[in-house]
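The values are calculated or read from the model by the stated rules, or taken from the named source; none is laboratory data. For clarity, every value in this text was computed on a predicted model and none was experimentally measured. Note that we place each Cβ from the backbone using ideal geometry, even for glycine, and neighbour counts take in every protein chain shown. Note: areas computed on protein heavy atoms with side chains; ligands, DNA, RNA excluded. Shrake-Rupley method; radii C 1.70, N 1.55, O 1.52, S 1.80 Å.
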Amino acid sequence: MKIKAIFTSSLIAIGILSGCSGVTGVSTDEIITKVLAADQDEKAYYAKGELKIYEDDKLEESYTTEEYHSEDGKAKITMKDTKTGEEGVTVNDGKSIISFDKKQNKAMVMDDVSSLDLPNQSQKEQVISFLETLKDSHKYKLIGKEKVNGFETHHIKLEPKEKDSIFGEIEIWIDQKTWFPVKSINIVGSSRTEFAYTEVDTSTKISDDTFTLSLPDNVEIVHLKDEMNQSNGTIEEAVEKLGRPFLVLNEENLTMDNVTIDELKGEINRTEITITYNNGDGIPLIYLSVFPTPEEKELAISDTGLKIRGQNAEFMKEINSYTWDENGLRYTLIVEGPDSLSQEDIMKMTERMVISSN
């Protein structure tokens with residue numbers, strides 16, 4: 001099943017269960033402050049929802065969702081395509097994550113979750129992180145109080161400050177009592193994604209048996225660790241794995257801290273190099289990602305007017321990243337701390353880049 005909406009599909013798995021009481025006469029900033037300052041205790045809950053994806057106002061995809069979440073981070077999410085009846089279920093039992101596609105009879109398994117250094121964020125922390133990501137690129141506007149599927153909510157709109165925002169325009173309806181985001185709409189270009197919870201139960205008791213998944217005997221099992229071969233190495237080893245030399249930063253005030261080599265298999269099937277550069281205080285400042293330029297037309301770099309080393313480039317303000325293609329390779333610079341380096345600084349850095357084999 002294809003889920004095109006990055007924000008809304010991730011929102012399926014998050015809810016702010018802060019236990020706050022309803023508030024009257026509050027501003028947008030006060031609502032956001034309430035969310036950020038709310039009690040961090042997590043509660044178990046059961047929920048049902050509906051996800052719809054439109055293209056040029058035509059309904060392209062439609063799903064129903066069913067979720068179980070425990071207090072200690074276990075989760076089970078089932079999604080069913082309302083058009084085809086196809087169904088997929090993902091279970092996190094605290095030790096591993098299994099995603100089972102019933103039609104393909106295929107299960108993707110991520111073993112030993114604790115050793116993968118994955119972000120272990122609560123539902124509230126995920127929302128906070130997302131709001132923090134958008135605080136510089138979007139304006140917050142309080143639309144008002146509205147009743148949505150039986151929930152008394154605060155309706156908040158996040159409008160992008162610039163035209164080509166990758167997150168587009170977002171609307172969220174947050175329950176006044178639980179601060180649970182019960183509905184969202186995300187518009188990016190001609191695509192509109194809508195998600196709404198039709199039922200949320202925070203009083204139900206969820207047993208551990210809920211987070212076990214029985215797979216058919218003939219199921220195809222793919223272990224993601226076999227498709228995500230990651231290692232740390234040297235520049236020389238990265239060149240060997242990539243099969244060619246590549247550009248690296250050449251700045252006296254930056255120290256190359258780590259070289260990560262990802263040998264991805266499956267649908268992606270590529271080698272990707274990520275280099276971490278620290279500033280003088282040993283704090284990560286810039287991440288440089290390099291991999292072969294994708295062949296798919298839809299992944300081509302757009303002509304936005306921005307040029308890096310004479311090539312068309314794209315800038316994503318939300319994550320402070322710069323991307324361009326050069327000599328068959330795609331480069332992405334992600335800069336930590338947007339106030340520390342200006343775009344002019346980045347342009348000068350890219351012009352001083354040198355080939356890794358030199």
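Computed over the Cα atoms of the range 145-298, pair by distinct pair, the Kirkwood hydrodynamic radius stands at 21.0 angstrom.
Per residue, how much accessible area does the range 234-286 show when a 1.4 Å probe rolls over the protein heavy atoms, in square angstrom? Spell out each step's value before the answer.
Working: 2940 Å² over 53 residues.
Roughly 55 Å² per residue, with all protein chains present.
Taking amide hydrogens as placed 1.01 Å from N in the peptide plane, the amide H of Thr153 sits under 5 Å from those of Glu146, Lys147, Val148, Gln176, each at least 5 positions away in sequence or on another chain. Calculated accessible area for the range 132-222 comes out at 53 Å² per residue, all protein chains present (probe 1.4 Å; ligands, DNA, RNA ignored).
Given their separation in residues at 0.36 nm each and the Cα-Cα distance between them, Glu50 and Ile283 gain 79.6 nm when the chain is fully extended.
Label reach from Glu162 (point 7 Å along Cα→C-beta): in the range 278-296, amide nitrogens under 18 Å belong to 287. Within the accessible surface of the range 162-276, defined with a 1.4 Å probe on protein heavy atoms only, the carbon and sulfur portion equals 42 percent. For the range 235-247, the Karplus equation 6.51 cos²θ - 1.76 cosθ + 1.60, evaluated at θ = phi - 60°, returns couplings of 4, 4, 5, 5, 4, 5, 5, 6, x, 6, x, 8, 6 Hz by residue, with Gly and Pro reported as x. Along the range 277-282 the Karplus relation, 6.51 cos²θ - 1.76 cosθ + 1.60 evaluated at θ = phi - 60°, assigns HN-Hα couplings of 10, 9, 7, x, 8, x Hz to successive residues, with x for each Gly and Pro.
Tell me the carbon and sulfur percent of the accessible area for the range 298-348, rounded to whole percent, probe radius 1.4 Å. Before the final figure, lay out each step's value.
Working: 1240 of 2670 Å².
C and S fraction of accessible area: 47 percent.
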